[in-house]
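Q: The structure follows.
Every read-out reported here was derived from the displayed coordinates using simple, explicitly stated rules and does not represent laboratory data. Only a predicted model underlies this, so the values are computations on that prediction, with no experimental measurement involved. Cβ placement follows ideal geometry from the backbone for every residue including glycine, while neighbour counts extend to all protein chains displayed.
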Amino acid sequence: MPFTASNAVHSTREPWAQRAWVPPAVAMALTAIAGLALGPDYCLLPFYAAGPALAAGRGTPRTVLGSAAAAMALITLAAAADGLLGHQRVWIALGGVVVVTAAACWVSVTRLRAERRLVDVSEVAETVQGILMPPPPPRTGPVALTGSYRSAARAARVGGDLFVAAEVPDGARILIADVQGKGLEAVEAAAVVLTAFRDATADVPTLDRLARHVEKSLAEHTSGDRFVTALFADIHHDGTLTLLSHGHPEPLLLRADGHCRHVPLPDPAPPLGLAALTGDTPTPQAGPSLTDGDRLLFYTDGLSEARDPSGAFYPLRAHAPALLADPCPVSALDSLRTDVLRHTRTAPDDDSALLLCEFGPDPAAGRAAA
């Protein structure tokens with residue numbers, strides 16, 4: 001996820017306790033200690049086969065073979081200490097290590113191949129994500145932008161939620177949308193929506209005409225049975241705000257003085273793809289005027305409909321003022337993501353996209369003028 005606020009840089013070196021050789025080493029050490037404590041009557045020699053068996057869980061075939069060599073050496077030493085060299089017990093234990101090692105090597109090779117395929121899939125998904133929805137520019141017109149995307153798919157980083165921003169002559173134009181469904185068909189529909197927005201936004205003066213263009217593209221380039229909730233917004237240089245909702249959650253407005261509220265959208269249009277069923281002609285609505293330092297959070301229902309184990313929705317309006325007041329917008333979205341996970345106590349089960357817009361003059365432009 002090239003533009004999420006939640007990607008931290010971690011060291012590629014694992015802590016020693018998580019390294020592949022630790023579980024087999026611990027298992028064989030415990031077996032040796034138990035053997036010394038209990039004596040030869042209990043015949044714990046076969047338990048040394050746990051070493052190569054555990055090595056297959058995280059290690060390479062080389063790790064498995066190394067654990068097997070250690071197990072055989074320990075069996076030989078234990079047998080010598082107990083006066084059992086050449087005894088049938090010893091040969092059975094060594095044979096067990098050989099059989100377990102062969103199986104563990106196969107498991108290790110199979111696991112490594114699956115992991116490589118998973119890495120390939122993740123890299124392809126990340127590339128597709130970057131092409132479909134590249135990071136938003138740091139600034140578009142009168143607003144600074146910070147985006148975050150999180151897919152619910154474990155093996156992919158791309159889904160049907162999207163946002164895009166473009167500069168227009170009188171300010172910034174923004175779209176955030178959520179494609180119904182999941183999988184490749186949702187990704188295809190998201191690509192259609194993004195392409196239609198980018199192709200037309202510079203030439204279409206009003207949000208309702210832009211929405212009709214996007215809806216027409218959906219009808220022409222998708223199966224026709226897929227709908228998309230969407231929120232279009234124009235943020236003008238003078239702070240005026242125009243919104244057009246097609247069944248999408250209301251944005252959250254955090255004033256510079258700390259006051260927080262949802263921006264009401266009393267007359268939303270049906271989701272894109274369903275307008276033909278109603279025949280309604282949606283009308284853009286004027287939102288509250290923005291002043292310097294005000295922040296608008298656009299989001300999809302993966303955030304607003306996140307639930308805890310009891311079924312309670314995430315209290316966005318109650319928690320957002322403190323979280324989004326962080327001077328660093330990246331940290332603000334990081335904190336919001338962490339708070340949602342704390343609320344749900346589990347991994348997300350729906351895609352979610354967040355776009356934080358801060359209204360105000362460009363500090364870089366002010367420094368250049370000075």
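Q: Please give the FRET efficiency for V26 paired with R111, using the beta carbon to beta carbon distance and R0 = 25 Å, rounded to the nearest 0.05.
A: 0.80
Q: Now, a different point. Provide the convex hull volume over Cα atoms per residue for region 133-369, in Å³.
A: Value for region 133-369: 129 Å³ per residue.
Q: Sort M28, M72 by Cβ crowding within 10 Å, fewest neighbours at the top.
A: Details: M28 23, M72 19.
Exposure proxy ranking, most exposed first: M72, M28.
Q: Give the order of S310, S331, S223 when sorted by the count of other beta carbons within 10 angstrom, beginning with the fewest.
A: Final ranking by Cβ density, sparse to dense: S310, S223, S331.
Q: Ranking E115, E188, E215 by Cβ neighbours within 10 Å, fewest first, what do you get?
A: By the 10 Å Cβ count, ascending: E115, E188, E215.
Q: Is any residue of region 236-258 close enough, with backbone N under 20 Å, to a label point placed 7 angstrom from the Cα of T291 along the Cα-Cβ axis, and if so, which?
A: It comes to 236-242, 252-258, nothing else.
Q: Sticking with this one: Hey, can you rank 97-106, 318-327, 239-248 by average C-beta count inside 10 Å, highest first?
A: Ranking the peptides 97-106, 318-327, 239-248 by packing returns 239-248, 97-106, 318-327.
Q: Oh, and also: For T338 and A318 in one chain, what is 0.36 nm times their gap in residues minus the Cα-Cα distance, to one decimal in nm?
A: Going from the current span to full extension adds 5.7 nm.
Q: Next question. Among all helices in the chain defined by DSSP H, which have a length of 20 Å or more along the axis from Cα atoms plus a Kyte-Doolittle mean of at least -0.5? Let's see the in-between values first.
A: Details: long enough: 22-38 (24 Å, 1.92); 61-81 (30 Å, 1.40); 88-132 (66 Å, 0.74); 184-200 (24 Å, 1.06); 207-221 (21 Å, -0.76); 329-344 (23 Å, -0.14).
For the chain, where a helix must reach 20 Å along its axis and average at least -0.5, the hits are 22-38, 61-81, 88-132, 184-200, 329-344.
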